[in-house]
Amino acid sequence: MVRMSAEERRESVIRAAISEFALGGYHGTSTEAIAKRVGVSQPYLFRLFKNKRELFLAAALRCLEETPRALADALEVRPDVTPKEAMAAAYMGLIDDREQLLMQMQTYVAVASAEAEGDHAFGEAIRAGWAEIWDHARVALGGTRDTADFVGCGMLINVLVALGFPRDHRVWSGLDMAELDAVRR
């Protein structure tokens, strides 16, 4: 059996953390469950991450980092459609991964909770990652208003998907999902 390097093990822990935190949130997820999912001891987990907060932050930032990367890749691979269509299709691909979507939602709750407890550093790191997504979209779309519409629509879609509304439900009306699905193909 091939042994994993420390970096590979760290990656496995982050992926496991995303899965666990996505469903249980920060307060409802134990580091024991994360360690068990990845097959390491809890003390080993704390050699990789000094505490639960650091592990949650690494998982949250990983999700945030994947978004601008996916948007940029979409712009390169789909020059046949508008930047908005390419990025929207890429984003829908990301949130098709329910754990990714739920981790995003848990991250927003964790920031609010941390700030209520006086921890503003956690929120600053998350806001910096989110601002990178905003800036990437603003450059690609050519302006603030278009960016606000794009991101606002994305947040609406996050809520609809997280709540489990089927695509044929009336709450999806006004969103041209048929056009978006055609771009994704």
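The values are calculated or read from the model by the stated rules, or taken from the named source; none is laboratory data. Since the model is a prediction, treat every value here as computed from it, not as a measurement. Here Cβ is always computed from backbone atoms with ideal geometry, including for glycine, and neighbour counts include all displayed protein chains. Accessible surface is based on the protein model in full, side chains and every heavy atom, while ligands, DNA and RNA are left aside. Shrake-Rupley method; radii C 1.70, N 1.55, O 1.52, S 1.80 Å.
Tabulated data
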| item | result |
| --- | --- |
| Cut-off 15 Å (backbone N to label point 7 Å along Cα→Cβ of N51), residues of segment 1-29 | 27 |
| Spatial separation of Cα centroids for segment 82-102 and segment 134-171, in angstrom | 9 Å |
| Cα-based shape type of segment 1-129, given that a ≥ b ≥ c are square roots of the gyration tensor eigenvalues and the cut on a/c is 1.5 | oblate |
| Gyration tensor verdict on segment 65-177 (Cα atoms; rounded if a/c is under 1.5, prolate if a/b is larger than b/c, oblate otherwise) | oblate |
| Whole-number percent relative contact order across segment 41-185, with pairs defined as alpha carbons under 8 Å at least 6 apart | 29 percent |
| Accessible area expressed per residue, segment 47-185, with surrounding protein chains retained (probe 1.4 Å, Å²) | 53 Å² |
| Carbon and sulfur %, accessible surface of the chain computed with the full protein complex present, 1.4 Å | 55 percent |
| Dipole magnitude of the chain about its Cα centre (Cβ charges: Lys, Arg +1; Asp, Glu -1), debye to nearest 20 | 580 debye |
| Exposure rank, largest accessible area first [M4, M105; 1.4 Å] | M4, M105 |
